[in-house]
Amino acid sequence: MENFLTNTPPMRPGLAIDRGSLMDDVELTASIGHLVELTRRISKGKYDEADKLFELTKEGTCNPIITELAEAFGMMMVQVEGREFRLEGMIQELEARNRELQAILEKVRLMQRVQDHLSKFVSGTVKKMIEANPENPDFEMHNEDVTILFLDIAGYSRMSEQIDQKKVNYMVETYFSSFLDIILENRGDINETAGDGLMILFRDPDLVNHAVNAVKAARGIQRQAALINRTLPGLGEPVTINIGINSGACSVGSARFEGITGTRWTFTASGSITNVAARIAAIAANGDTLMGHPTCLRVQDHFPIESIGQHKFKNIAEPRHVYRLRHDEPD
């Protein structure tokens, strides 16, 4: 038998195997695989593997191609980490801003709740003044021609003694609540309340208009009181509302009272016009609506009115002519 090796034809030129080159390719492939695996782990957040990656960048430790790739991946990782760091800083800053905004929003909500509660105790005139100029509302006293209406429930003191106080309070709230829409419809503003009474301020650039509006409101209030007396007899005796009205120039604005414990502000209309309106209301009886001479002059062409003569009032020097609004004729 012929020797196999002796009969094997010689290899053609160019097909000889370079074992050294083959080993280099295997090592390169293995190094690339190692590098890929490292970068994959680092990309998943295993940053402790970064030291192994940086080892590959040292000159002479591995194939130059691997070194160059490791350097490129290392630079990319550094840039990613830098962006991550900046992103974390931005997130922390946004979270801090968000906490600040939440605190501000909570303060706004609190202030809104306070405002909602305070608005129940502040007159419509004051609210309009604040809305018109929130930064610096004009609360200073100034002269203005207005009409003042005072009303009270006749026999309130007697009812308070004879009837349970809760029932009295319910009665007052029922009647006064029913008057509110009438007052607002006639551009009036409840300025003060005092148990059984209301002080209502009517303002308008036209001097006749605010006087007419006050008398319209008075008629509406009297009719509403009569309606409640008929429909809610369970409240007790029929309620009688007495009203006094007067018009003219007075001081309108805020009055400030300074005390040791603080300052108290109130918005009001003060002067002889207001005092006379209160005195006129005090002599009204049996559901009368009485008015002073200035009001009469302005509304006499609009409503049926009769004179009840001159009256002398406490702390007012001269007698004042008083008029009664007649309810026996339609508007």
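Here are some notes:
- Matching residues in segment 289-323 - criterion: being aliphatic (A, V, I, L, M) and buried (at least 22 other Cβ atoms within 10 Å of the Cβ): L290, M291, V299, V322
- Meets criteria (touching a helix residue (DSSP H, G or I) at 6+ places or on another chain (Cβ under 7 Å) and at pLDDT below 90) for V239: yes
- Criterion: out of contact with any Cys (no Cβ under 9 Å at 6 or more places or on another chain) and either touching a residue at least 60 places away in the same chain (Cβ under 8 Å) or in a strand (DSSP E or B) (or both) - qualifying residue of H327, H321: H327
- A single member of G89, G74, G82, G155 is modelled with pLDDT of 70 or more, surrounded by 10 or more Cβ atoms within 10 Å (Cβ to Cβ) and closer than 30 Å to S31 by Cα, and it is G82.
- Taking the conditions (1) small (G, A, S); (2) in contact (Cβ under 8 Å) with a residue 40 or more places away in the chain; (3) within 20 Å of F303 (Cα to Cα) in turn, G253 satisfies each one other than (3).
- Only residues that are buried (at least 17 other Cβ atoms within 10 Å of the Cβ) and not in a helix (DSSP H, G or I) were counted in segment 188-238, giving 12.
- Count of residues meeting criterion [among the hydrophobic types (A, V, I, L, M, F, W, C), over 18 Å from K216 (Cβ atoms) and touching a residue at least 40 places away in the same chain (Cβ under 8 Å)] in segment 152-188: 5
- Criterion (touching a residue at least 40 places away in the same chain (Cβ under 8 Å) and surrounded by fewer than 16 Cβ atoms within 10 Å (Cβ to Cβ)) met by exactly one of N242, N286, N246: N286
- Flag for R298 being over 41 Å from the mean Cα position of the chain (by Cα) and farther than 30 Å from V168 by Cβ: no
The values are calculated or read from the model by the stated rules, or taken from the named source; none is laboratory data. The structure displayed is predicted, hence computed values, not measured ones. When we count neighbours, we look across all protein chains shown, and the Cβ atoms used for this are built from the backbone with ideal geometry, even at glycine.
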